[in-house]
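Everything below concerns the one structure shown next.
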Amino acid sequence: MTVRLGVLGWPVAHSRSPAMHNAALAALGIEGWRYQRLPVPPGLFEETTRALPASGFLGANVTIPHKRAALALAASVSPAAAEIGAANTLTFSADGAIAAENTDGPGLLGALRGLTDLPPRPRALVLGAGGSARAAMWALRQLGASDVAVWNRTHERAWELARDFQARAVTAAEPADVLVNCTSVGLDPPAGVQRSASDEDALNLLGLTFDQVGKYSHVIDFVYSSAPTPLLAAARAHGARTLDGLELLVAQGALSFELWTGREPPLEVMRAAARAPDERVRAGSGDTPLA
């Protein structure tokens with residue numbers, strides 16, 4: 001019987017997780033396993049997810065907009081997922097019970113610790129208030145950030161997130177050592193922006209201008225797409241150190257892979273597969289990691 005894995009999202013046709021995980025399975029000679037896309041609208045998420053174990057699924061990654069709903073379904077929840085308040089990795093037992101984990105936060109934390117030029121207790125600004133933003137807030141607190149602010153176009157949601165993580169909600173972008181974009185702005189085309197829109201329009205959706213991006217020495221974008229996102233392009237123009245969504249995708253995916261298989265993930269294989277050109281991506285899709 002085929003052991004099945006997948007990524008639940010809406011939309012999810014653009015996800016590079018299948019290529020990444022299937023390459024890792026092949027590299028380790030794990031036969032009879034297959035990872036696939038699972039496009040599921042919000043209204044069908046619970047019904048579909050609960051039916052997966054009976055269809056041969058061992059586990060699934062979860063991407064937008066289902067990360068908080070995934071946590072609510074679980075019979076058991078890891079400490080990290082509970083603290084973050086969202087899940088991006090589900091594991092199914094033989095009796096159909098669902099266990100929830102969050103590898104977004106630990107994946108980002110590992111990436112942040114790899115930035116050796118980052119101040120010991122950095123100041124940070126998080127853009128967004130969804131599941132990825134919750135993971136970012138958790139990772140920054142674990143890192144020992146001295147100050148974490150959160151901005152969102154809907155200020156009430158920013159305030160709720162800030163309250164949950166003892167952070168500050170701000171109504172305008174503030175200078176910091178680290179800027180983390182956890183919104184969908186930066187997709188191909190940017191969410192809510194016409195294809196003809198400029199990079200400046202996309203930055204404006206993040207409450208930023210090109211000049212403001214220069215106030216951050218380290219810029220991290222959870223989004224990945226076929227070319228550098230407008231945010232990362234602006235950050236690189238200012239000489240900032242950047243980390244793109246594909247690197248975060250690999251970081252969280254490796255943790256999920258190890259959880260499901262019990263094997264050490266082949267990171268370079270996963271990285272190469274995630275970064276390989278894909279016709280769907282070149283045709284005009286992007287993804288909001290980490291899935």
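Read the figures in this text as sums done on the coordinates, not as results from a lab. If you're wondering where the values come from, they're calculated on a predicted model, not measured in any experiment. All Cβ positions, even for glycine, are placed from backbone atoms using ideal geometry, and neighbour counts span all protein chains on display.
Run the numbers on region 92-249 and let me know its relative contact order in percent, using alpha-carbon pairs under 8 Å that are six or more apart.
20 percent
If you place +1 on the Cβ of every Lys and Arg, -1 on the Cβ of every Asp and Glu, and leave all else neutral, what size is the dipole of the chain about its Cα centre, to the nearest 20 Debye?
With only Lys, Arg, Asp and Glu charged at Cβ, the dipole is about 80 debye.
Kindly work out what percent of the DSSP beta bridges joining two residues of the chain are antiparallel, to the nearest 5.
Here the share of antiparallel DSSP bridges comes out near 20 percent.
What is the projected area of the convex hull of the Cα atoms of the chain, averaged over all directions, in nm²?
One quarter of the hull surface, i.e. the mean projection, equals 14.2 nm².
For the chain, what is the mean residue ellipticity at 222 nm derived from helices alone (per DSSP H run of n ≥ 4: -39500 (n - 2.57); sum divided by total residues; nearest 500 deg cm²/dmol)?
-11000 deg cm²/dmol
Over the Cα atoms of region 105-243, Rg to Rh with Kirkwood Rh, two decimal places?
Rg/Rh for region 105-243 comes to 0.93.
Under a 5 Å amide H to amide H cut-off, with H placed in plane at 1.01 Å, what residues pair with Val77 once short-range neighbours are removed?
Those lying under 5 Å, H to H, from Val77 are Ala100.
For a quick check: sort Glu101, Glu247 by the number of other beta carbons within 10 angstrom, fewest at the front.
Neighbour counts put them in this order, fewest first: Glu247, Glu101.
If contacts are Cα pairs under 8 angstrom and at least 6 residues apart, what is the relative contact order of the chain in percent?
Taking the mean separation of contacting Cα pairs over the length of the chain, I get 19 percent.
Rounded if a/c is under 1.5, else prolate if a/b is larger than b/c, else oblate: which is region 201-248, with a ≥ b ≥ c the root eigenvalues of its Cα gyration tensor?
Oblate.
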